[in-house]
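Reading through the structure tokens given below for one structure.
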Amino acid sequence: MTTEAKTSFTPRVLSGMQPTGNLHLGNYLGAMVNWVKMQATHETLYCVVDLHAITQAISVWGGPNELRRAIRDVTAAYLACGLDPKKSAIFNQSQIAEHSELAWVFNCVARIGWLDRMTQFKEKAGKDKEKASVGLYDYPVLMAADILIYKATSVPVGDDQKQHLELTRDIAQKFNIDFADSIREQGFGDAYFPLPDPMISGPATRVMSLRDGTKKMSKSDPSDLSRINLTDSAEDIAKKIRKAKTDAEGLPTEATGLKGRPEAENLVGIYAALDGNSVEGVLKQYGGGQFSTFKNALADLAVAKLAPIAGEMNRYIADPGYIEGVLKDGANRARAIAAPVMADVRKIMGFV
Ligand code: TRP
């Protein structure tokens, strides 16, 4: 039996995004829509993970002015997409020192062998891993601290983060076992940390590049035509959909007809997700028709759904005072959870 089974934990959702580059349709459909929905059913904390943003070369994250801008922009995107500061704690990681403090303790719990297996580090470090920052290597340990400093039980993430969630569970489990006696002696029961569950957004919400249906839509793709940014104007959104790569065939009437046609599958998937419909439902409406007709309908739908978000975002971006107020409030709420947890951890560890 795991230690988890005996102690019950209050359900709590935490997730975060890095303030780097611009948020796009993939972030919106893959994460934000879900985060917004969870506000109605869960206690929710949404973090702008600015400490994670500095793990790559300065030329990648852009330096202090760019960081300041990006933290405000991502917060504006959170609000524009429908995160509600009255329902969720919306805050940036660097305001809560407890994330970093717990990360240090976890550095001494996690094993080098565990981190050596992280595929995202290998991808991001590339061939010259000697030149990668220690922070990039340690990134998943800080992520575990982000989650466990709130004793979060559910973490909505993309499938690329699944391995980091497994590491988080391993760290929580080892902490609970290594300090089991102290945890009990200090009156915290059989386990101090929950083993958080990943809520992985499935392939249905994975948005691919508009230029290559086999690659994920990405903020680092050199072609701006490959993605729809959340700040794009109505004209740009429509243009990008119309220019999206497709094959020579029309739209099939059945979902199986999308097999081996990644670009068509992606565009139908985007339509379905934006419309709250299924792929089958979309094909019932547009299947058998010309691709151009469908693309026009998709352009209209995307503009109707996304242009208002861009408008809201720009309104928030124009008011940095408001954004900073939201982050400060959110940080106060987050700290009220994080500070007692860190105090418990210090006690459990034997720090006097
Ligand atoms: N690593 C996550 C990503 O790149 C971002 C992140 C950092 C995160 N800390 C987190 C996500 C805690 C969820 C919970 O997507």
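Nothing in this text is a laboratory measurement; each read-out follows from the coordinates by a stated rule. Just so it is clear, the structure is predicted and the values come from calculations on it, not from any experiment. Cβ atoms come from the backbone with ideal geometry, glycine included; neighbour counts cover every protein chain shown.
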Specify the angular offset, from 0 to 90 degrees and rounded to the nearest 10, of the alpha carbon long axis of helix 64-81 from the longest principal axis of the alpha carbons in the chain.
70 degrees
Excluding residue 234 itself, calculate the net charge of residues whose Cβ lies under 13 Å from the Cβ of residue 234, where each Lys or Arg counts +1 and each Asp or Glu counts -1.
0
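Based only on the alpha carbon positions, what is the Kirkwood hydrodynamic radius of region 224-314, in angstrom?
Averaging 1/r across every pair of different Cα atoms and inverting gives 13.4 Å.
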Ordering of 39-46, 339-346 by burial proxy (mean other Cβ atoms within 10 Å per residue, highest first)
39-46, 339-346
If the chain between residue 200 and residue 347 were fully stretched, how many nm would it gain, using 0.36 nm times the residue separation less the Cα-Cα distance?
49.5 nm
Magnitude of the charge dipole, region 224-314, Cβ model with Lys/Arg +1 and Asp/Glu -1, debye to 20:
140 debye
Computed label-point distance, nm, for sites residue 107 and residue 182 using a 7 Å Cα→Cβ extension
1.7 nm
Rounded to the nearest 0.05, what FRET efficiency do residue 336 and residue 124 have when you use their Cβ-Cβ distance and R0 = 41 Å?
0.75
For the chain, built as a Gaussian network whose Cα springs stay under 10 Å, the top-fluctuating residue of 222, 198, 11:
222
Computed over the chain, the distribution of all Cα-Cα distances in 20 Å bins, rounded to whole %, is 28, 54, 17, 1
Note to self, the chain gives a 222 nm [θ] from helices alone (DSSP H runs n ≥ 4, -39500 (n - 2.57) apiece, / all residues, nearest 500) of -16000 deg cm²/dmol
Which value, in nm² and rounded to one decimal, describes the direction-averaged projected area of the C-alpha convex hull of region 283-352?
9.9 nm²
